[in-house]
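Novice: Here it is: the structure, laid out below.
The values are calculated or read from the model by the stated rules, or taken from the named source; none is laboratory data. None of these values were measured; they are calculated from a predicted model. With ideal geometry, Cβ positions are generated from the backbone for all residues, glycine too; neighbour counts draw on all protein chains shown.
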Amino acid sequence: MVTMVSHLQSAHEKETLRRSLQTTQGEIAETRQGLTQAQQKQAAAEQALREVRAQQRARTLTQGQYRALVEQLQAGPKGRVRIQFPVGDAEAQRYANQFYETLHTAGWTVESLGQVQRIFGELPVGLELAASRPSRTSPAEMPPYGEFLLRVLRDVGLEVSLGIPHLDSVPTEVVYLVVGAKSQPR
């Protein structure tokens, strides 16, 4: 009888331990799942932070882009360029200064570095190249050096759109490089 009671107590203890083990294993699984979810949230937050930091960083020409632009622009047709940036946009002005320096170093005639303000429509965003009678899809209305400048800028990895000059009367022998505001993430 003592053996039987002892055996029943042992079976009861084993069952209690088994249930306790199952509970602990369930808690471990829940903790792992919670940890995985927390790690996913952390990764998403870190990605969002990287995107915000990248958006806050000022645009700049890399040394490689600067060297490639100067080298290519020295070798091709040159012409007159006016560089513009939005009124009050210090980041665009600094970026515009880099283009001024690049074109000047490459032997181009940079007539002015000035501010642009649109009365109707949006201020420019990104880089725009404009001539007196531009086409939104083709640089065909640009002087040959404008087409060359567009190709070289794009060749070094810069996104450049074709724009419309921001003045009523634009000399046909001048190309405008508008350094617009920094684009915002979508």
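Novice: Exactly one condition in (1) surrounded by fewer than 17 Cβ atoms within 10 Å (Cβ to Cβ); (2) within 16 Å of ILE83 (Cα to Cα); (3) modelled with pLDDT of 80 or more is false for PRO171; which is it?
Specialist: If we test PRO171 against (1) surrounded by fewer than 17 Cβ atoms within 10 Å (Cβ to Cβ); (2) within 16 Å of ILE83 (Cα to Cα); (3) modelled with pLDDT of 80 or more, just (3) comes out false.
Novice: Of the residues that make up the stretch 49-68, is at least one part of a helix (DSSP H, G or I) and buried (at least 19 other Cβ atoms within 10 Å of the Cβ)?
Specialist: No, every residue in the stretch 49-68 fails to be part of a helix (DSSP H, G or I) and buried (at least 19 other Cβ atoms within 10 Å of the Cβ).
Novice: For the stretch 73-102, give me each residue that is under 15 Å from VAL179 (Cβ atoms), hydrophobic (A, V, I, L, M, F, W, C) and in contact (Cβ under 8 Å) with a residue 40 or more places away in the chain.
Specialist: Hits for the stretch 73-102 are VAL81, ILE83, PHE85, ALA92, ALA96, PHE99.
Novice: Let me ask something else about it. Would you pick out the residues in the stretch 97-125 that are at pLDDT below 95, within 27 Å of GLU71 (Cβ to Cβ) and surrounded by 16 or more Cβ atoms within 10 Å (Cβ to Cβ)?
Specialist: Once the filter is applied, which keeps residues that are at pLDDT below 95, within 27 Å of GLU71 (Cβ to Cβ) and surrounded by 16 or more Cβ atoms within 10 Å (Cβ to Cβ), the stretch 97-125 yields VAL110, LEU113.
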